[in-house]
Amino acid sequence: MRVHDHHRTIARLAQRGAALRVDTAELCCLAAMHLQGAVGESTLFEEERLAALFEATIEAVEPAAENPRKRATHAIERLRAQRLIVRLDGEGIVRAGEYALSPLAVNIVERQLADEHLTRASLDGLMTSVVSGLTAVRVAAEAAASEDDWDGRVRVPLEVVVAELLNGVERRQLGLDEQQRQVRAEITRLLEADWLDALGGIEALLDATADTLVELRRLLLQHTNQAHAVLDDVRIQAQGRGRIEVLVALRRTGDQLDRLLAWGHSRHAAWSAYHGSVHRFLRDVVRLDPDRQLSGRLREQIGAWPESPFTLRLAQSPRLTVLRPPARPVERPAVVRPAQDWSAPVAAPPEAPAVDVAALVEAALAGGATRLSEVAAVVLARVPEDARYGLIGRVAAALAGRARDGHGGAGPWVAVGEGPYEVTEWTLEAGE
Amino acid sequence: MSDFDELGGGFADLAAVIADGLFPRLDQALRSGLHVDRRAPADYHFLVDAQKWLEPHYQRYGADLVHAPDGFFYLRPVGDRLPVRRLTPAEMLVGQTLALFALEPATLEAGHVTRTQILERLRDLLGTDRVLQALKPKTRARRARHRAEAEARHALLATLRRLARLGFVELLDDDRVALRDALMRFAEPARGTEDLATALGRLVAGGEIERLEVEPDEDDDEPDEDDADDDEEGP
């Protein structure tokens, strides 16, 4: 499955609001259903029998529960809603109204009940089975003649049988992790309870765990090397026949083996570090302070510190004086303007020559001009050059009432006389 | 120098020690107050091998290269040639509290302590007001308690970062702190059977610690001018 598919799958789960909520009493009820099968009873429950089993279980695990019957009914409803209990009816297989654990519930209960620790024997047995399975796959690959042979006798065993065996090892690894956590907790408990007297027991626990890890690591190394060698043989066969799907399955199996080995190394390293820490603790703290007085005296020291404070003396490297790189000062000229004689009277601008625009426009119209550009050309020709630009607007204003079309700037741009001015052209109505 | 150290040493002379690739960084780190323990095995074993030559070398600078029985090295200034760094009250209180944690089996099991645990232990030992005063001296009593708490957590993180730079702890992340062997320096006065005052006098005479003046309590009625506090080492 590609990463993109992962995202879509997770989004669908989130959208659906998928959730599992099982409290201790409910889990015990599921286990009680499962264990009925172990003692030879039917694991199909009629409604009344199921309610009675749940009620009895809840009474056992929650003696203070006020109404166990009601609690049992609610538990059944919740577990049904989460599809941990399924009602088997409607398909004629069994009669209606019987309940059983769903495969998910069976897995959850079995995982809770399983005592799967990775021991020398279990690891040796499982890894031997893995190598045997791979060897059988190698034989099948050498003899495979058809596509069905490759698929049924090579790929499927790799993906199902070997992968399941390796999953079994990984499950037991989790058991061993839990076992180590318990050993650490036990060491703490022994120290808290007996301090100096706990030394013998702690050292025995440490050594036993270390021995187990060393042995498991050795076995893992030995078996994974064998398994990789067989995988290499199968890979050569698959490459020769161009079996891409088998190569993919081989790569997955190889990755799973590497993960096992990496787990073994990491647990060994983590335990070595813990082993060292505990031995240092035993040597430097427990043996040197057999009566456990140091903690008490240190508490007194801390309590008294605010009244008689002291500090540790440490070396300190002198601060180096780092000179800034030389920089030429930036000259910033003052923002000033030359002094002026503000008292002098300001010269008035020359007055624009008086032009009778209306008369000139009328004269142009009388002369036969029918467009704005023509009138403007006639008017501008009669005034000095520096007054022409400003005059165009006044000409347009004088003609605004007579425009037939183009008024409003939609007409084409047309040069006025020989330039350099241009106006949007208006066609004028004929004069009265 | 112990007889054991006389037996060790993989260097022919001081020149060989100085020519080693590790020396410049370690020399600088020791002069900056770093404590080197077994968790840095290459550095630690270099110092074990070079101790015979480095002790007289640093004595010429007015400093002792100390190899503590708990298994770490540090440089202790005894003259005035090397500048002396004195830990702040916050660093001292946090350091002593961490040393207390280091003596507990529960810390051994977890492998670390958290900031919350440290603050809670400090409160148990000294009371909330004193802890806030030590971690954040500028905090005024009338400042909202929740704000003072948040500032104390920030100040604790800044203190832990400084202690980490000196090799007393290792910050696994912003919350979890792994303890290093050098923390036992903070417990030194409590070791042995002599009373605390005698032990402090002995350690002062040896140049290991220095007494501090007791600062008067801050006047709570002072105007609070620095509300926009200088949290230079916030998260």
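For region A:120-289, calculate the relative contact order in percent as a whole number, restricting contacts to Cα pairs under 8 Å that are 6 or more residues apart. Walk me through the intermediate numbers first.
Values: 122 pairs, mean separation 56.7, N = 170.
The normalised contact order for region A:120-289 reaches 33 percent.
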Just counting partner chain Cβ atoms within 10 Å, what average do the residues of peptide A:303-309 show around their Cβ? 6
Computed Rg/Rh for region A:120-289 (Cα atoms; Rh = Kirkwood radius) stands at 1.18
If the chain between residue A:56 and residue A:199 were fully extended at 0.36 nm per residue, the gain over the current Cα-Cα distance would be 46.9 nm
Placed amide H near residue A:426: partners under 5 Å, 5+ positions off or other chain: A:372, A:373
Could you tell me how far the Cα centroid of region B:4-76 sits from the Cα centroid of region A:223-288, in Å? 38 Å
Taking the Cα centre of region A:120-289 as the origin, how large is its charge dipole in debye, to the nearest 20, when only Lys and Arg (+1) and Asp and Glu (-1) carry charge on their Cβ atoms? 300 debye
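In debye to the nearest 20, how big a dipole does chain A give about its Cα centre with +1 on each Lys and Arg Cβ and -1 on each Asp and Glu Cβ?
On the way: 51 positive and 61 negative charges, 243 e Å.
So the dipole magnitude of chain A works out to roughly 1160 debye.
For peptide A:267-276, compute the average count of partner chain beta-carbon atoms within 10 Å of each residue's beta-carbon. Mind showing how you got there, number by number?
Values: counts 0, 0, 0, 1, 0, 0, 2, 3, 0, 2.
Mean shielding count: 1.
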Helix A:24-38 vs. chain A, principal-axis angle (Cα, 0 to 90°, nearest 10): 50 degrees
Distance (nanometres) between label positions extended 7 Å along Cα→Cβ at residue B:38 and residue A:167: 4.3 nm
Please name whichever of A:315, B:113, A:264 sits farthest to the positive end of the charge dipole of the protein assembly as shown, dipole taken about the Cα centre and charges placed at Cβ: Lys and Arg +1, Asp and Glu -1. A:264
GNM of chain A, Cα pairs under 10 angstrom: of A:162, A:395, A:336, the biggest fluctuation goes to A:395
Per residue of B:192-199, how many C-beta atoms from partner chains lie within 10 Å of its own C-beta, taken as a mean? 2
Convert each backbone phi in region B:99-113 into a coupling constant with the Karplus relation 6.51 cos²θ - 1.76 cosθ + 1.60 (shift: θ = phi - 60°), then list the ³J(HN,Hα) values in order as whole Hz, x for Gly and Pro. 4, 5, 4, 5, 8, 9, x, 4, 5, 4, 5, 6, x, 6, 10
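Checking a compactness column here: for the protein assembly as shown, what do you get for Rg(Cα) / (2.2 N^0.38 Å), N being the number of residues?
Working: Rg = 44.6 Å, N = 667, 2.2 N^0.38 = 26.0 Å.
Scaled against compact globular proteins, the figure is 1.71.
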GNM of chain A, Cα pairs under 10 angstrom: of A:132, A:343, A:295, the biggest fluctuation goes to A:343
For region B:3-77: span of alpha carbons on each principal axis (Å, largest first): 27, 24, 24
Under unit Cβ charges (Lys, Arg +1; Asp, Glu -1), what dipole magnitude, rounded to 20 debye, does region A:137-225 have relative to its Cα centre? 100 debye
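Just so you know, all these numbers are worked out from the coordinates, no wet-lab data involved. Since the structure is predicted, the reported quantities are computational estimates derived from the model, not experimental observations. So basically every Cβ, Gly included, is an ideal-geometry build from the backbone, and we count neighbours across all protein chains shown.
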